[in-house]
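Only one structure is covered here, and it is reproduced in the block below.
Laboratory data are not the source of any read-out in this text; all were calculated from the coordinates shown. Since the structure is predicted, the reported quantities are computational estimates derived from the model, not experimental observations. No Cβ is skipped: glycine too gets one built from the backbone with ideal geometry, and neighbour counts run over all protein chains shown.
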Amino acid sequence: MKLDQLATRLHAKSRNEVIRNAIKEYTEQMLDTRIIEVREVTVEEAAKLIDNYLSDNPGKHYVSELAEELGIELGTAFRAAQKLMDSGAVKKRRVTK
């Protein structure tokens, strides 16, 4: 049985130990999982949300992080960020390694 093979490979005492560890691992992953709710907003609304967020949280931010934090659909967030950059409200910075 595959569970017995896995127990041997993992140096577990029994397949029950493998099952317990698997459940523990899965539970920890689920507790650490963040559910993101995305709301429908216009590009203009998204631009206002992003602008307000940046006013309260100055510094460098990735658009994807802003979208996640504000619950904005990713494509809308990028269009809103572009609108803010075009208006001069925010500056685009290159990421260097």
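Computed about its Cα centre, the charge dipole of region 8-97 is approximately 640 debye, with only Lys, Arg, Asp and Glu carrying charge at their Cβ. With springs only between Cα atoms under 10 Å apart, run a GNM on the chain and tell me which of TYR53, TYR26, TYR62 wobbles the most. Of TYR53, TYR26, TYR62, the Gaussian network model singles out TYR26 as fluctuating most. Under a Gaussian network description of the chain, with springs only between Cα atoms under 10 Å, the residue in ALA67, ALA22, ALA80 that fluctuates furthest is ALA22. Taking every alpha-carbon pair within the chain, the share separated by more than 21 Å comes to 53 percent. From least to most packed, judged by other beta carbons within 10 angstrom and beginning with the fewest, ILE50, ILE19, ILE72, ILE36 follow the order ILE36, ILE19, ILE50, ILE72. Build a GNM of the chain with springs between Cα atoms under 10 Å apart, and of VAL43, VAL63, VAL18 the one that fluctuates most is VAL18.
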